[in-house]
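Okay, structure first, notes after.
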Amino acid sequence: MSMQLPWLLVSAALILMSLALVYRWRALKGISYRRYFTEQAVFEGDTVEMVEVISNAKLLPLPWLRLESSIAAGLTFGRQSNLNIHAGEIYQNHSSLFYLRSYRQITRRHEVVCSRRGQYRLESATMTTGDPLGLNAEVKQFPLDLELLVYPRILELQELPLPNHSWLGELPVRRWIVEDPFLTAGIREYRPGDPLGNINWKATARTGELQVHKRDYTADHRLMICLNLETSDSMWRTVIEPERIELGIRYAATVAEHALRSGLAAGFACNARLADGPKDPIRIEPHASSDQLTLLLETLARMVLDKTASMIRMLEIELEAGTTDTDYLIISCHRGEKLVETAELLRQNGNGVEWMEIPAI
């Protein structure tokens, strides 16, 4: 018996070594893997499923297999067995464990809450597997082309910081900023900057105060939504109040959705940049086409809060282009003196200007 023990140990060692070699050569053969989201685009707060499908198309079973990937934070995974999440402020490591029998396919669904706006891309996943005792581990990287867009949440109109929301819902006042000089809708008190040609002398004599013709709203103007990343005229490149800007992004999405649904041509400009684009400011020409809202929402989802230019410079470019008959809605945390002066020049060029202030959070 004592003479057989060494042979048993040697035989066991040889078997384990042979098993390790078999798994080293064959473990990752015949393995296929894919991952996808059940939706390509959703809104903040929506729930989507991330589906993993893994197949073992050979006789050799896999007693353990681990899939690891890194996903940007902002997607919240529900609790699930065989799933580990190590979350950081920017990225989270996602690890799934599998046991694959011979000629077996497993489909696993993960419920994901899309808690933050953004572009979520997954380009690869790392697979690790080996023999039952873990003596040998084989690693393979699977390329993936996975993208999920999370649009900003659309707010209720009552949540927008405007004194009057009627312009958003009534067709006669869709063009809610620029007055048409050919349409008269009564009189009002004179305001600094009103042209002298608009003065109603009869009404002025009757009231004893300067009165001007109140113009109705044109039906041909376009809306340009301008979102400013700056919290002051002197702010450098780094956005210091990102949550406040995220609120401004929701304002922009809400205005765009309602304006386009009402038939108004709407565009968008911002001194941020796109995630996969050049480091240039964003500008989308106003249109009223059926796919314009999708384009604007996708742009807002892909936006990176990285300042590329001052809003003053962006308005100056509009001036240099000679833009007229356009309604500018400036969504901003501040109204610096120089910014207001530049916006006033746009108004004097025959455009409308309205402000929407992003409140402090």
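Apply the Kirkwood formula to the range 233-328: the hydrodynamic radius equals the inverse of the mean of 1/r over all pairs of different alpha-carbon atoms; give it in Å with one decimal.
After inverting the mean inverse Cα-Cα distance, the result is 14.2 Å.
Using a probe radius of 1.4 Å on heavy atoms only, what accessible surface per residue do you get for the range 303-361? Whole Å² is fine.
43
Tell me whether the range 284-361 comes out rounded, prolate or oblate; compute the Cα gyration tensor, take square roots of the eigenvalues as a ≥ b ≥ c, and use a/c under 1.5 as the rounded threshold.
Oblate, since a/c reaches 1.5 and b/c is not below a/b.
Lys140: which aspartates and glutamates have alpha carbons under 13 Å from its alpha carbon, excluding same-chain residues fewer than 8 sequence positions away?
Within the straight-line limit of under 13 Å, Lys140 reaches these aspartates and glutamates: Glu68.
At Ile85 and Arg24, where each label point lies 7 Å from the Cα along Cα→Cβ, what is the point-to-point distance in nanometres?
Once both label points are built, they end up 3.8 nm from each other.
If you take every residue apart from Ser96 with its C-beta less than 12 Å away from the C-beta of Ser96, what net charge results, scoring Lys and Arg +1 and Asp and Glu -1?
Overall, the nearby charge balance is +2.
Based on the mean of other Cβ atoms within 10 Å per residue, sort peptides 264-275, 300-311 so the most packed one is first.
264-275, 300-311
For Ala360 and Arg237, calculate 0.36 nm times their separation in residues minus their Cα-Cα distance, and state this gained length in nm to one decimal.
42.3 nm
Among the DSSP beta bridges whose two residues both lie in the range 204-361, what percent are antiparallel, rounded to the nearest 5?
30
Straight-line reach from Lys279: which lysines fall under 28 Å, measuring Cα to Cα and dropping same-chain residues less than 8 apart?
Lys307, Lys338
Run the accessible area of the range 212-354 with a 1.4 Å probe and give the carbon-and-sulfur part as a rounded percent.
49
For Lys202, which lysines qualify as cross-link partners when the Cα separation must be under 25 Å and same-chain residues fewer than eight apart are set aside?
Counting by Cα, and skipping residues close in sequence, Lys202 has these lysines nearby: Lys214.
The values are calculated or read from the model by the stated rules, or taken from the named source; none is laboratory data. For clarity, every value in this text was computed on a predicted model and none was experimentally measured. For neighbour counting, all protein chains shown are included, and Cβ atoms are generated from backbone atoms with ideal geometry for every residue, glycine included. These accessible areas exclude ligands, DNA and RNA; they are computed on the full protein's heavy atoms, side chains included. Shrake-Rupley method; radii C 1.70, N 1.55, O 1.52, S 1.80 Å.
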